[in-house]
1. Using a simple charge model, +1 on the beta-carbon of Lys and Arg, -1 on the beta-carbon of Asp and Glu, nothing else, what dipole does the chain show about its Cα centre, in debye to the nearest 20?
2. Taking just the C-alpha trace of segment 15-70, give me its Rg and Dmax in Å.
3. How much length is gained if the chain between VAL13 and ALA27 is pulled fully straight, taking 0.36 nm per residue apart and subtracting their Cα-Cα distance, in nm to one decimal?
4. Tell me, what HN-Hα J-couplings in whole Hz come from the Karplus equation 6.51 cos²θ - 1.76 cosθ + 1.60 at θ = phi - 60° for each residue of segment 23-30, using x for Gly and Pro?
Amino acid sequence: MIIPVRCFTCGKVIGNKWDMYLDLLQADYSEGDALDALGLVRYCCRRMLMTHVDLIEKLLNYNTLDKSETS
């Protein structure tokens, strides 16, 4: 869905790092190097970014409010 604001385990703020993480991956950084560049050293925080699946764009295709207003 949407990247969580805080790490579930330690509570560190990670929500603001998602866009920069994706930019670094697009710039051919490895996942480990990108996380190091963002200053994420705890494995719990690294897990939060590495295992996140961004489904918000796919869910917006099924928005029922737009369909009901035009009917």
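1. Charge dipole, the chain, about its Cα centre: 460 debye, nearest 20.
2. Using the Cα atoms of segment 15-70, the pair Rg, Dmax is 15.7, 49 Å.
3. 2.7 nm
4. Computed from phi, the couplings for segment 23-30 are 4, 5, 5, 5, 8, 6, 7, 6 Hz.
None of the figures in this text is laboratory data; all of them are computed from the coordinates on show. Here the structure is a predicted model, which means the values were calculated and not measured. Note that each Cβ is placed from the backbone with ideal geometry, even for glycine, and that neighbours are counted across all protein chains shown.
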